[in-house]
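Notes to accompany the following structure.
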Amino acid sequence: MSATPFAPSARSIAFRLAYIACLAVIFILATGLIDGGAGVGSTQAITQPIFPIANALPGLLLATLLLVLSRRPLLSFGIAFVLEALVYAVNALKVSNLNTPLMPADFRMLGQLRRGGLKLLGSYLPASPWPYLALLVAVGIIVLAWRKEMPLFARRTRGRRLICGTALVLLLGTLLAGMPGWTRIYGGRHLWLEPWSAQATAEHSGLVSSLVMFHLHQGHARKKPDPAAAQQLITRADPGLRERLQAATNPGERPDIVVVQSESFFDPSIMKGYEDVDLTPNLHRLAAEGESGALHVPTYGGGTIRTEFEVLTGLSLRYFDDLQFPYLQMSHKVVPSMVRVLRSHGYETVALHGNDPGFWNRNTAFRAIGFDRFVSRSSFPALAAMDGQYMADSAMTDEIMAQLKDAGPPQFLFAISIEAHGPYDVPPADAAQRDAIPVPGGVTGKNKLELQNYLYHMQHADQELGRLAELLAHRERPTLLLFYGDHLPALTDTYNVTGFVDGKDMLSQAGVWLLVDPRNPTAAKQESLASWMLPGRLLEQAGVRDDAYFALTQVIAPQLAALTRAPGAPPASEDHDEQTADKDMANVALLRMKGKLDPLLPHAEVQTAQARGTHVDSLEQAEPAGVQQ
C-alpha cells in the first residue's frame, strides 16, 4: 500500500532541502546528546562545530542513503539513529565492564557469536527490561513510519536516485575500507586524536569519530621493521645472549610441562582492604618453592587471547598496534611460538579448554601456533563438574591428569580455565560459602555480591593450583608447572571504591605468575615479568636453550617488563636507555613476525637438528610466519 505523495507546493526543492537540513541538525545534536563526550555536546556546536558534525557524519551518510532508497525522511533518519544508539549501548556495556570504549577490532566479535560467543557475551546484557522495551518501541515507530509516512519525492527521478544512491554507497564503502582520503576529516589534524588513549579520544572527539580515526590510523600506520635497529639491540645483548644459548641442553630426561592460564586470577592483597588477608594460600606456599612475581599483561577485564598470544608466541602486542584480537586476524598457517620450539625437541603439544573450540578462533589459531591436539568441551567427560555458569576448575585439573602419560614422548599441556569468567552476578554452587567471604568496607549491594562471587571462584582456582601441584609431585616423570592469571577481573566499580595499595589505577595493575618443579622445590626467587617473557623463562627452566629469540627476551626482561599494560592505561615512564631498548625490540618483534629475524641472531654452537627432525608438523607445511596486520 503506497501513500499519496505530497502536493506540488509541499514538494518544492527549497522545502525538501530545508526539511532534510532540519532533520540533519536534529540528528547531529541527538548524536552528541547520547555520546555525552565533552567535545561533541550541543554547547560545542557553535564553538567547534567540526567535532559534533564529524561524529555524526557516518550516521548522516547512512540516513541519506536510506532516504534515497525509501524516500521517507523520518523513517531513514530514525533507522540510522536507532542503529547508532545500539552502537552506543554496546559501548556503554564495554566501558562499564572493561573501562575502555569500543575499538574497530571489537566488531570482529560479531563473527564469534555463532562460535560460542553468543552465550558468553550475551550474559553481559542488562537484566532490566527497560532497554529492550525501548528498543521495541523504536522498532514500532520505524514500522509505523514505513506504513504512514508520505514519500518526499517521486519514485521515478530519471536516474537521479540511482546516481545519488551509488555515490553514497561508494562514500560509505571508502569509509569502511579506511581509504586515506578520509584522513582529511578524521586524520587528527582537525579532531582530537590520542593514539595511546581511546578513552581520551572518544571523550573529546566522540565515539563514532574515535572509531573512524582508529580505523584509519591502524590501517595506514603500520610499522616497517628496521633490521639495523634490531641488530643494534642484539649486539648490545650479545654477552648475555650467548651465555644463555647452550649447545648442550638438559642431557637428562625432558620434563613434562603443564601451563595453566587461570581465568581472571590475581592476588587480591594488592587491593586496599585485603592487604593483610591471605585469599591465595596455595599460591603463596608454592611461591616459596620456586620462581614467581608480578606479571604485566596487555589487557584488563577481558581479551584473554591477548595475554594468551603473548605467552604462546613470546611476541609483545605492544609492538603491533592493530592486533587487538590476534587470533581473529591470523592469515598464515605457521606462527613462531614456544609450542613449535618444544615440538622441535620431541614434545607432544596439547591445548585444553572446557569451552567451545571455535570461540576466539582458537581451533584455527592453535593449528597455526603448532599444537598437535586441542581438547575442548566436547572431549571432557559428559558429567564434568560445573560451578556457576562455566566448567569448574576441578574438572580441568582432572582432565590435565587424564591427559598426562607416564610413557612416550615428553608432553606440553596448555590448559585454559574458565570457572572464574564473568559476569559475576551468576549464583555459584555453594551460596553459603560465597556469603562467608569478607569484603572491604564501602563495598555494598551489587558490587559486594559480584566481588564475593568472583573471590569464590578465584579461591577454587587457588585450591586447584595446590591440588595440581601435589598430584604432579607424585608422578613418575618430572613435571614443570607454570601458572599465571590472564588479566584482572572486570570489577571496575569495586576498584573505584577500594583503590589499590600502590595508589595506581586498575589498568596499571599487574597480575601474578608462578613457575615450580613440584617434585624438586628450590629457593624462592621473585621477578617482575611481562607475559611475553614467560615462554623464554619456561624454556630455560626446561633445559631448552637453543632458541636465540626466546633467550633474548630474558636478557631484555629487566628493562622492558613494566612497559606492558592494558589498553588505555597511563604510559609507563621510560628513561633514554629504556626508550632505545623499547624501539629496538619493536623492530626485533616485527622481523620475528615476518620470519626475517633468524639471520640476525647468534646460534648455539651445535644445532639440535636431530631433535628438530623427530617431530614434523602433521597439520601443515612450513611457510613464512605471520599475522595479518
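The values are calculated or read from the model by the stated rules, or taken from the named source; none is laboratory data. All figures in this text were calculated on a predicted structure; none of them were measured in a lab. Using ideal geometry, Cβ is built from the backbone for each residue, glycine included, and neighbour counts are taken over all protein chains shown. Surface accessibility is based on the protein's heavy atoms, side chains included, excluding ligands, DNA and RNA. Shrake-Rupley method; radii C 1.70, N 1.55, O 1.52, S 1.80 Å.
Using only DSSP helix segments of four residues or longer, with each worth -39500 (n - 2.57), what per-residue ellipticity at 222 nm results for the chain after dividing by its residue count and rounding to 500?
Value at 222 nm, helices only, nearest 500: -14000 deg cm²/dmol.
Could you size up the charge dipole of the chain around its Cα centre, putting +1 on the beta carbon of Lys and Arg and -1 on that of Asp and Glu, and report it in debye to the nearest 20?
My answer is approximately 3900 debye.
What order do you get for 369-375, 583-589, 429-435, 485-491 when each peptide is scored by the mean count of other beta carbon atoms within 10 Å, highest first? If you can, show how the numbers build up before the last one.
Values: 369-375: 20.9, 583-589: 22.6, 429-435: 12.4, 485-491: 26.0.
Result, highest mean Cβ count within 10 Å first: 485-491, 583-589, 369-375, 429-435.
Any idea which of GLY273, LEU312, GLY302 is furthest toward the positive side of the dipole for segment 250-371, if Lys and Arg beta-carbons carry +1 and Asp and Glu beta-carbons -1?
It is LEU312, whose Cα lies furthest towards the positive end.
Roughly speaking, to the nearest percent, how much of the chain's 1.4 Å accessible area is carbon and sulfur? Before the final figure, lay out the partial values.
Details: 16600 of 27580 Å².
Within the chain, the accessible surface is 60 percent carbon and sulfur.
For the cross-link pairs LYS504/LYS596; LYS333/LYS596; LYS405/LYS594, which exceed 27 Å when the distance is taken from alpha carbon to alpha carbon?
Listed pairs above 27 Å: LYS504/LYS596; LYS405/LYS594.
What accessible area per residue comes out for segment 129-273, rounded to a whole number of Å², with a 1.4 Å probe?
On a per-residue basis, segment 129-273 sits at 57 Å².
Where Rh denotes the Kirkwood radius from the mean inverse Cα pair distance, what is Rg over Rh for segment 528-603? Walk me through the numbers on the way to the answer.
Details: Rg = 13.2 Å, Rh = 13.4 Å.
Rounded to two decimals, Rg/Rh equals 0.98.
Placing +1 at every Lys and Arg Cβ and -1 at every Asp and Glu Cβ, with all other atoms neutral, what dipole size does segment 436-505 have around its Cα centre, in debye to the nearest 20? Please list the in-between numbers first.
Details: 6 positive and 9 negative charges, 24 e Å.
Taking the Cα centre of segment 436-505 as origin, the dipole is about 120 debye.
Can you give the convex hull volume per residue for the Cα atoms of segment 215-353, as a whole number of Å³?
Residue-normalised Cα hull volume stands at 213 Å³.
First obtain the Kirkwood hydrodynamic radius of segment 129-217 from its Cα pairs, then insert it into the Stokes-Einstein equation at 4 °C and 1.567 mPa s, and state the resulting D in µm² per second as a whole number. It would help to have the intermediate numbers written out before the result.
Numbers: Rh = 16.5 Å.
It comes out at roughly 79 µm²/s.
After finding the eigenvalues of the alpha carbon gyration tensor for segment 29-110, what semi-axes result from the square roots of 5 times each, listed largest first in whole Å?
Three semi-axes, in Å: 23, 19, 10.
Just name one of THR564, TYR186, TYR484: the one whose Cα is farthest towards the positive end of the charge dipole of the chain (beta-carbon charges, Lys/Arg +1, Asp/Glu -1).
The listed residue farthest towards the positive side: TYR186.
Once you have the alpha carbon radius of gyration of segment 374-469, what is it after dividing by 2.2 N^0.38 Å, with N set to its residue count?
1.26
In what sequence, highest mean first, do 447-458, 125-136 appear when ranked by Cβ atoms within 10 angstrom?
Details: 447-458: 22.1, 125-136: 10.7.
Final packing ranking: 447-458, 125-136.
Once fully extended, how much extra length lies between LEU61 and HIS190, figured as 0.36 nm per residue of separation less the alpha-carbon to alpha-carbon distance?
Here the answer is 44.5 nm.
With contacts defined as alpha carbon pairs under 8 Å and 6 or more residues apart, what's the relative contact order of the chain in percent?
21
Which aspartates and glutamates, on any chain, are close to LYS223 with Cα under 17 Å apart, when same-chain ones fewer than 8 places away are left out?
ASP321, ASP322, ASP582, ASP584
Taking the Cα centre of the chain as the origin and placing charges on Cβ (Lys, Arg +1; Asp, Glu -1), which of THR498, PRO410, MET103 is farthest toward the positive end of the dipole?
Projecting each Cα onto the dipole axis, the largest value belongs to MET103.
So, how do all the Cα-to-Cα distances of the chain break down into 20 Å bins, in percent, from 0 on up?
17, 47, 27, 8, 1
Suppose every K and R has +1 on its Cβ and every D and E has -1 on its Cβ; what is the size of the dipole of segment 509-578 about the Cα centre, in Debye to the nearest 20?
It works out to roughly 360 debye.
For segment 478-574, what is the accessible area per residue in Å² when the probe is 1.4 Å?
Per-residue value: 31 Å².
At 1.4 Å probe size, with every protein chain present, just tell me what the per residue accessible area of segment 295-356 comes to in Å².
Spelled out: the 1.4 Å probe surface of segment 295-356, per residue, equals 17 Å².
Using alpha carbons only, how many angstrom separate the centre of segment 252-272 from the centre of segment 394-446?
Here the answer is 12 Å between Cα centres.
What ratio of Cα Rg to 2.2 N^0.38 Å holds for segment 254-332?
1.36
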